[in-house]
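Engineer: Starting off with a structure, shown below.
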Amino acid sequence: MRVSGYNLFPPLLGHIKNWYSHVDRIKAMGFEWIYINPITYPGFSGSLYATKYYYQYNPSFFTSSNQNIAEKELKDFIFYCRSKQIKVMIDLVINHSSKDCNLTQEHIEWYKTKDGALQSPGAWDNGKWIEWGDLAIFNNKRDPNEKDEEETKDINKENSNNENNAEIKNDEILNPIWYYWNDLIKHNLDLGFEGFRCDAAYKVPKELWKYLIDNAKEHNKDVIFFAESLGCSIEDTEKLIDAGFDYVASSAKWWDYEGEWFVEQYDLVRKKCRQIAFPSNHDTKRLITEYDGNIWRVKQTFLFTAIVCDMWMITTGDEYGFINRCNVVGGSEKDYENISYDLSEYIKNIISYVKQNSILADCGEIVSLDIEEKKRLEKLKKEYEYHEHHEYYEDKNKEENNKKDPFRKFYKYSLDGKDKLLIVVNITSKESVLDANKYGIKYDISFENAVDNITDMVKILPYELKIFTLREETYWV
């Protein structure tokens, strides 16, 4: 984690004048970025992510929805953040708008329609199609007359093989909406925003993102683009990276320290792009609720998500033990909760701790000892099918014992692969001991409760995450 960000969720704070009082404490925790969810004028549903007017503003956050008045207040806030050495990132929602957006009347041709009716986005959830009826999908293809991918799979496959990353020229653009989005981004850059979190990024054509990102970086070479990519396929993630995104979302929050999927995803992305991890976000349950009030599991997830990726981000209220998830539809400052506990100092210390250790701060390779051991056992089992050997039974017993292992263990390597740390997570509610000699442990450099003198056995508290340096001759994996 080289960089840290704080999601300032506007509905919880209300009017922009209330945001200022949070900037100093956000800075005190060590955050360098503030990310703000959509603040444009919402449609009939009230959802922050259903824009009605792209150049008017949500009256819940500004003195007036009028562009001139709201943008003056917005510029002042961004200027104040800059004075505190904090950059500001805004949500960019260009996959869809509210169905009552002014553009549905002025440019219906910019939308996907069926039999003259606006189409809404949706997703399958446990075999059931869920549709967001308040939203209308934009037709963002370079050629708006091109058929949907599902109608031309073979053609698209052929085209993808011939795809290149050459810059798209203006005379090659057949869809005027591209210019609209380009102007919107430039307008937000002029307001002072220095980053964009791009909602539903994988649903927007790759070539549009490349056009927008390249143009934005000509306007401001330091601007960053963060792709909201959770739930998309590896193939779609690769397209986002190829389009020029600086960051994609990490699924670190959901890793149980066992599944191979996270290690594979992490490894693919880290070689090409930076990643943003978080303990929770505005779309998820609060951790304290998800973990049934277990503060130790909350702290473990905070620490783990901070040590694996390039940027770490928390959401307003995470530090205070807020119980209720963020409400993007109709949320208000009445939802701001009483403080259950205060992890501000804990967060400040995490940020400082990680940045002082290059292996933790960088996205070096992760190797799970448990996964590697499982693979070894599976290989031995296959060999047993051809060679009856008593070692199979010994390994089967080892596998059974591993199921009772309270620890999950993995290495995190430096970027050059020459150095590594051993990270051990106690996934149980009981204190357990780890054999220090077995894993070649040299020093305990854990964030908390570091043991000065390592003996044969190391005690690890319930849900504790420990970090160790290793003796040079250690070659467990």
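Engineer: Which strands (runs of 3 or more DSSP E) does the range 68-136 wholly contain that include 3 or more residues that are within 28 Å of Tyr20 (Cα to Cα)?
Structural biologist: 87-92
Engineer: Sort out which residues of the range 199-226 are open to solvent by 60 Å² or more (accessible area, probe 1.4 Å) and over 22 Å from the mean Cα position of the chain (by Cα), and write them in order of number.
Structural biologist: Glu207, Glu218, His219, Lys221, listed by residue number.
Engineer: Continuing with this model, one more query. Report, ordered by the first and then the second residue, all pairs with beta carbons closer than 8 Å, sequence separation of six or more or different chains, a first member in the range 128-141 that is within 21 Å of Leu212 (Cα to Cα), and a second member that is at pLDDT 95 or above and charged (D, E, K, R).
Structural biologist: Hits for this filter: Ile137/Lys112; Phe138/Lys112; Asn139/Glu109; Asn139/Lys112.
Engineer: For the subset of the range 304-342 comprising residues that are open to solvent by 10 Å² or more (accessible area, probe 1.4 Å) and aliphatic (A, V, I, L, M), which member is nearest to Pro10 (Cα to Cα)?
Structural biologist: So the residue we want is Val328.
Engineer: Any residue in the range 58-76 that is more than 24 Å from Ile173 (Cα to Cα), aliphatic (A, V, I, L, M) and buried (at least 17 other Cβ atoms within 10 Å of the Cβ)?
Structural biologist: yes
Engineer: Take the residues in the range 141-181 that are assigned to a helix (DSSP H, G or I), modelled with pLDDT under 75 and in contact with a helix residue (DSSP H, G or I) (Cβ under 7 Å, 6 or more places away or on another chain); name whichever of them is surrounded by the fewest Cβ atoms within 10 Å (Cβ to Cβ).
Structural biologist: The residue in question is Glu149.
Engineer: Restricting attention to the range 227-240, and to residues there that are over 12 Å from the mean Cα position of the chain (by Cα) and open to solvent by less than 20 Å² (accessible area, probe 1.4 Å), which single residue is modelled with the lowest pLDDT?
Structural biologist: Ranking the qualifying residues of the range 227-240, first place goes to Thr237.
Engineer: Restricting attention to the range 266-295, and to residues there that are open to solvent by 20 Å² or more (accessible area, probe 1.4 Å) and in a helix (DSSP H, G or I), which single residue is nearest to Gly317 (Cα to Cα)?
Structural biologist: My answer is Ile288.
Engineer: Could you tell me whether His96 is touching a Leu at 6+ places or on another chain (Cβ under 6 Å) and over 17 Å from Asn188 (Cα atoms)?
Structural biologist: Yes; evaluated as a whole, the condition is true for this residue.
Engineer: Six or more apart or on different chains, Cβ under 7 Å: which pairs go from a residue in the range 100-117 that's more than 19 Å from Lys203 (Cα to Cα) to one that's outside any helix (DSSP H, G or I) and open to solvent by 60 Å² or more (accessible area, probe 1.4 Å)? Could you list them?
Structural biologist: Listed by first residue and then by second, the contacts come to Asp100/Phe44; Asn102/Tyr53.
Engineer: Something else about it: Name the pairs: first residue in the range 24-36 and over 16 Å from Arg2 (Cα atoms), second residue among the basic types (Lys, Arg) and modelled with pLDDT of 95 or more, Cβ to Cβ under 9 Å, at least 6 apart or on different chains?
Structural biologist: Asp24/Lys84; Ile26/Lys84; Ala28/Lys348; Tyr35/Arg197; Ile36/Arg197
Engineer: Condition first: part of a helix (DSSP H, G or I), more than 12 Å from Arg142 (Cβ to Cβ) and not polar (S, T, N, Q). Now tell me which residues in the range 182-211 satisfy that.
Structural biologist: Answer for the range 182-211, where residues must be part of a helix (DSSP H, G or I), more than 12 Å from Arg142 (Cβ to Cβ) and not polar (S, T, N, Q): Asp183, Leu184, Ile185, Lys186, His187, Leu189, Asp190, Leu191, Ala201, Tyr202, Lys203.
Engineer: Looking at the range 1-34, which of the residues that are open to solvent by 10 Å² or more (accessible area, probe 1.4 Å) and part of a strand (DSSP E or B) is nearest to Phe304 (Cα to Cα)?
Structural biologist: Val3
Engineer: Among the residues of the range 46-102, which ones are of a type in the set (Gly, Ala, Ser) and at negative phi?
Structural biologist: Ser47, Ala50, Ser60, Ser64, Ser65, Ala70, Ser83, Ser97, Ser98, listed by residue number.
Engineer: Can you tell me which condition Leu415 does not meet? The list is (1) in a loop (DSSP other than H, G, I, E, B); (2) over 15 Å from Ile366 (Cβ atoms); (3) open to solvent by 80 Å² or more (accessible area, probe 1.4 Å), and all the others hold.
Structural biologist: The single condition Leu415 does not satisfy is (2).
Engineer: Now for a separate question. Mind checking which residues of the range 114-138 are touching a Lys or Arg at 6+ places or on another chain (Cβ under 9 Å) and open to solvent by 60 Å² or more (accessible area, probe 1.4 Å)?
Structural biologist: If the condition is that a residue be touching a Lys or Arg at 6+ places or on another chain (Cβ under 9 Å) and open to solvent by 60 Å² or more (accessible area, probe 1.4 Å), then Gln119 is the only one that fits.
Engineer: Additional query: Which residues, counting only those in the range 434-477, are open to solvent by 80 Å² or more (accessible area, probe 1.4 Å) and aliphatic (A, V, I, L, M)?
Structural biologist: Met457
The values are calculated or read from the model by the stated rules, or taken from the named source; none is laboratory data. For clarity, every value in this text was computed on a predicted model and none was experimentally measured. Cβ coordinates were reconstructed from backbone atoms using ideal geometry, including for glycine residues, and neighbour counts include every protein chain displayed. Surface areas here come from the heavy atoms of the whole protein model, side chains and all, with no ligands, DNA or RNA. Shrake-Rupley method; radii C 1.70, N 1.55, O 1.52, S 1.80 Å.
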